[in-house]
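The structure under discussion appears below in the form of structure tokens.
The values are calculated or read from the model by the stated rules, or taken from the named source; none is laboratory data. All of these numbers come straight from a predicted model, not from anything done at the bench. Cβ atoms come from the backbone with ideal geometry, glycine included; neighbour counts cover every protein chain shown. Just the protein is used for accessible areas: all its heavy atoms, side chains included, with ligands, DNA and RNA removed. Shrake-Rupley method; radii C 1.70, N 1.55, O 1.52, S 1.80 Å.
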Amino acid sequence: MTLTITPTQGVGAEITGIDLKALSDAEFQAIEQAFAEHGAIFFRDQDTNEDDHIAFAQRFGDININRFFGAHPGYPQIAMVAKEPGDTDNIGGGWHTDHSYDFEPALGSVLVARELPATGGDTMFASMYAAYETLDDELKSAIEGRNAVHSGRHIFGEGADTHYNQSDAGEGRIGNSDVAETLKDPVHPVVITHPLSGKKALYVNPAFTVSFEGESRDESAPLMSKLFAHVFSSHALHTRFVWKPGSIAMWDNCSTWHWALNDYQGQRRIMHRITIEGCALH
Ligand code: SIN
């Protein structure tokens, strides 16, 4: 087998010619480099069990045990991203970046498809490297040197109010709202220098970024919504990943957004997610 890295339209790269259960050090290095460069990496036809999933994720760093998602019954390292036929809402059903509400946001996540709907359930990704590069000069100068406040309380706390975690997505799938209520809101630069690639990336997202530092939510809204609208409407920055049995996606939380499409009502979709610890962003 020959490891091949093929960039996907918009963001990411598909990596073929490898078995994630039996990676050599050289193959792992190539994968790690592709991850830093492309922001999202996609694998097909992988026959991995939970132990293989954990072993692969651990090569990138320590595993973050998710505080809010239900855990796999046998593997606390694996967060369940599940939607049952009777559920209406899904987890991650809007553009977001995982863990920006942490002081040291997670580096990335490895998502494995375990049970897929017959139709739908794709995941969208967007490049925050390209989002920054394609901002016009006026927007670039408006955010130059600024910081933003991020929070998870309105998503995971009592009375969560967004489509990321609407009431029925919470039923047994999202918990620890009391822990969420104690989260302190971190401040991160609006434009980060990526810790792995050294490239600049836009680092605000519609789920967890609440305001610019020193401004109220209302004062921040006009500029913040221009940044979000730029990403929503710039389809050239987007990739739609169509899941198949054996598919695995790994995304970089610092340089991408993602969005789990919720277009498969009445069907089951079971995904296993492992998230890898990150570092403070500058
Ligand atoms: C997530 O936001 O972590 C879930 C992504 C997906 O289920 O496709």
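Across the range 95-128, the residues whose backbone nitrogen lies under 20 Å from the label position 7 Å along the beta-carbon direction of ARG146 are 96-97, 100-101, 128.
Only lysines eight or more places from LYS21 in sequence, or on another chain, were considered; those with a Cα closer than 24 Å are LYS244. The mean sequence separation of alpha-carbon pairs under 8 Å and at least six residues apart, normalised by the residue count of the range 4-276, gives a relative contact order of 37 percent.
Between GLU32 and GLU213, take the C-beta separation as r, use R0 = 35 Å, and let me know the FRET efficiency to the nearest 0.05.
Values: r = 33 Å, r/R0 = 0.93.
Efficiency at R0 = 35 Å is approximately 0.60.
Antiparallel as a % of all DSSP beta bridges within the chain, to the nearest 5?
Numbers: 48 of 50 bridges.
Here the share of antiparallel DSSP bridges comes out near 95 percent.
Given R0 = 45 Å, the distance between the Cβ atoms of ALA280 and GLU115 translates into a calculated FRET efficiency of 0.80.
Helical content of the chain, expressed as a calculated mean residue ellipticity at 222 nm, amounts to -6500 deg cm²/dmol (DSSP H runs of 4 or more residues, -39,500 (n - 2.57) each, divided by residue number, nearest 500). So which aspartates and glutamates can LYS199 reach, going by Cα to Cα under 19 Å and dropping same-chain residues fewer than 8 places off? Within the straight-line cut-off, LYS199 pairs with GLU32, GLU37, GLU104, GLU133, ASP136, ASP137, GLU144, ASP252. Here's the picture: charge each Lys and Arg Cβ at +1 and each Asp and Glu Cβ at -1 in the chain, and of MET1, ALA34, THR256 the one pushed furthest to the positive end of that dipole is MET1. Tell me the carbon and sulfur percent of the accessible area for the chain, rounded to whole percent, probe radius 1.4 Å. Of the solvent-accessible surface of the chain, carbon and sulfur hold 49 percent.
Which whole-number value in Å² is the accessible area per residue of the range 4-276, probe 1.4 Å? Walk me through the numbers before you get to the answer.
Working: 11180 Å² over 273 residues.
Normalised by residue count, the accessible surface of the range 4-276 is 41 Å².
For the chain, rounded, prolate or oblate, judged on the Cα gyration tensor with a ≥ b ≥ c (square roots of eigenvalues), a/c < 1.5 rounded, else prolate if a/b > b/c? Mind showing how you got there, number by number?
Values: a/c = 1.57, a/b = 1.18, b/c = 1.33.
Oblate is the answer for the chain, as a/c is 1.5 or above yet b/c matches or exceeds a/b.
Dipole of the chain computed with +1 at Lys/Arg Cβ and -1 at Asp/Glu Cβ about the Cα centre; of GLY145, PRO245, ALA221, farthest Cα towards the positive end is PRO245. Between the range 113-149 and the range 45-71, what is the C-alpha centre distance in whole Å? Comparing the Cα centres of the range 113-149 and the range 45-71, I get a distance of 24 Å. Measuring r between the beta carbons of ARG67 and LYS226 and using R0 = 30 Å, the FRET efficiency lands at 0.40. Charged neighbours of ALA142, selected by a Cβ distance under 12 Å, balance to -1 (K, R count +1; D, E count -1).
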